[in-house]
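The next block holds one structure in the form of structure tokens; read it before the comments.
The values are calculated or read from the model by the stated rules, or taken from the named source; none is laboratory data. Because the structure is predicted, anything quoted here is derived from the model rather than measured. Backbone-built Cβ (ideal geometry, glycine too); neighbour counts: all protein chains shown.
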Amino acid sequence: MKHIFSLACAAIFASSTAVAEDWDMPTPYGDKTFHTANIVEFAKEVSEASNGELNITVHSAGSLIKHAEIKNAVRGQQVQIGEFFLSRLSNEDAAYGVDSQPFVATSYDDAEKLWAAQKPVITELFAKQNLIPLFSVPWPPQGLYTENEVKSVGDLKGLKFRAYNAALEKFAALAGAAPTQVEASDIPQAFSTGQVEAMITSPSTGANTKAWDFVSHYSPINAWVPKNIVVVNKAAFDALDDNIKSIVLEAAATAEVRGWKMSKQETSVKTAELTDNGMIVQDPSDELLSGLKSIGVDMQNAWQESASDDAKAIIDAFNQ
Ligand code: PCA
């Protein structure tokens with residue numbers, strides 16, 4: 001009897017260890033970031049719903065894989081799943097970058113509409129790299145951080161400007177500023193060492209990096225609403241049992257809805273945090289806004305020339 005029992009235990013143990021999976025999930029963003037809180041909750045839901053058969057460990061702030069390498073790390077199965085800033089892939093295809101084009105989609109409603117048009121196109125592009133997009137969540141609308149009040153585009157001239165992707169680099173350069181790429185987690189150091197003196201980012205990233213330590217003005221220019229995306233390696237996903245696959249997809253759908261909600265809440269909460277810490281939060285002047293928008297128009301024209309038909313179709317669908 002005892003023998004049969006231990007055999008049974010061994011069988012249960014063997015079968016559960018055979019199917020239990022441990023996945024690593026790198027993200028460039030730190031623990032204070034709402035995106036990170038959202039993916040930690042996603043991982044928890046998957047682990048709970050699967051009774052520990054799939055455990056996802058989130059590695060924040062670029063601790064496991066640097067931002068620039070995350071997509072390829074998932075592709076090469078160095079990790080099974082990961083999060084990154086979607087428009088960083090615009091050098092591979094313009095379709096990845098539509099959400100970071102200045103003044104195309106500037107509100108959450110726009111962003112939702114744009115994502116609906118973008119999703120099928122990038123899903124196909126990712127499939128060619130054996131990647132499956134699971135969910136995507138926007139950052140709050142992007143605003144301008146400067147030491148002095150900016151009344152027109154001319155006031156940006158020569159400012160050392162922090163950028164996080166090619167579109168922002170181009171935007172800053174066209175505005176006469178001097179852009180440098182800096183990861184979100186390196187922002188405080190970049191300001192304190194004088195590498196940069198201005199930036200465009202969300203109130204979330206501004207508050208999380210204590211922008212008030214370096215600059216005194218914030219202007220919610222709401223120039224675009226860029227997204228993070230979570231992708232999974234197709235082979236890793238296909239290797240899961242069907243019920244675990246469903247659990248992952250369900251948790252992903254929940255995380256997308258929760259993430260958009262969190263993002264919207266962040267906009268007001270984090271803008272208030274900037275004010276509470278002494279920053280002057282000021283709507284942009286008409287002159288500044290129209291100057292920035294005209295740079296956006298030039299960028300959009302250039303974008304149209306470089307984009308594939310599928311990428312252009314995203315914008316057409318969005319404009320309908
Ligand atoms: N925060 C990230 C991306 C966009 C945002 O709001 C960053 O500044 O790097």
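Of all residue pairs spaced 6 or more apart or on separate chains, those with beta-carbon atoms under 9 Å, a first member in the stretch 148-175 that is without any contact (Cβ under 8 Å) to a residue 40 or more places away in the chain and farther than 19 Å from Ala68 by Cα and a second member that is aromatic (Phe, Trp, Tyr) and surrounded by 19 or more Cβ atoms within 10 Å (Cβ to Cβ) are Ala172/Phe161; Ala173/Phe161. Of all residue pairs spaced 6 or more apart or on separate chains, those with beta-carbon atoms under 6 Å, a first member in the stretch 123-147 that is at positive phi and a second member that is of a type in the set (D, E, K, R) are Asn130/Lys234. Based on what the data block shows, is Thr106 within 16 Å of the ligand (Cβ to nearest atom), buried (at least 18 other Cβ atoms within 10 Å of the Cβ) and assigned to a loop (DSSP other than H, G, I, E, B)? Against the criterion (within 16 Å of the ligand (Cβ to nearest atom), buried (at least 18 other Cβ atoms within 10 Å of the Cβ) and assigned to a loop (DSSP other than H, G, I, E, B)), Thr106 qualifies. Taking the criterion of being farther than 12 Å from Trp139 by Cβ, touching a residue at least 24 places away in the same chain (Cβ under 8 Å) and in a helix (DSSP H, G or I), the residues of the stretch 208-242 that qualify are Ala211, Trp212, Asp213, Lys234, Ala235, Ala236, Phe237.
Select from the stretch 172-201 the residues that are among the small types (Gly, Ala, Ser) and within 12 Å of the ligand (Cβ to nearest atom) and write down the one among them that is surrounded by the most Cβ atoms within 10 Å (Cβ to Cβ). Working first, answer last.
So in the stretch 172-201, the residues among the small types (Gly, Ala, Ser) come out as 172-173, 175-178, 184-185, 190, 192, 194, 198.
Then drop every residue that is not within 12 Å of the ligand (Cβ to nearest atom), which leaves 184-185, 190.
On the way: Ala184: 23, Ser185: 19, Ala190: 20.
Top of the filtered list is Ala184.
Please list, ordered by residue number, the helices (runs of 4 or more DSSP H) wholly in the stretch 1-93 having 1 or more residues that are more than 16 Å from the ligand (Cβ to nearest atom), modelled with pLDDT of 95 or more and surrounded by 22 or more Cβ atoms within 10 Å (Cβ to Cβ). It would help to see each step written out before you state the result.
Working: elements: 2-19, 34-49, 67-75.
It comes to 34-49, 67-75.
When the residues of the stretch 159-171 are filtered to those that are assigned to a loop (DSSP other than H, G, I, E, B) and within 20 Å of the chain's Cα centre (by Cα), which remaining residue is nearest to the ligand (Cβ to nearest atom)?
From the stretch 159-171, those assigned to a loop (DSSP other than H, G, I, E, B) are 159, 164-165; that's our starting set.
Subset that is within 20 Å of the chain's Cα centre (by Cα): 164-165.
On the way: Tyr164: 4, Asn165: 8 Å.
This residue is Tyr164.
Among the residues of the stretch 170-229, those identified as of a type in the set (S, T, N, Q) and under 15 Å from Ile280 (Cα atoms) are Ser216, Ser219.
Looking at Lys245, Lys210, can you tell me which residue is surrounded by fewer than 20 Cβ atoms within 10 Å (Cβ to Cβ), more than 16 Å from the ligand (Cβ to nearest atom) and of a type in the set (Lys, Arg)? Before you say what the answer is, go through the steps one by one.
Details: Lys210 fails: more than 16 Å from the ligand (Cβ to nearest atom).
The unique qualifying residue is Lys245.
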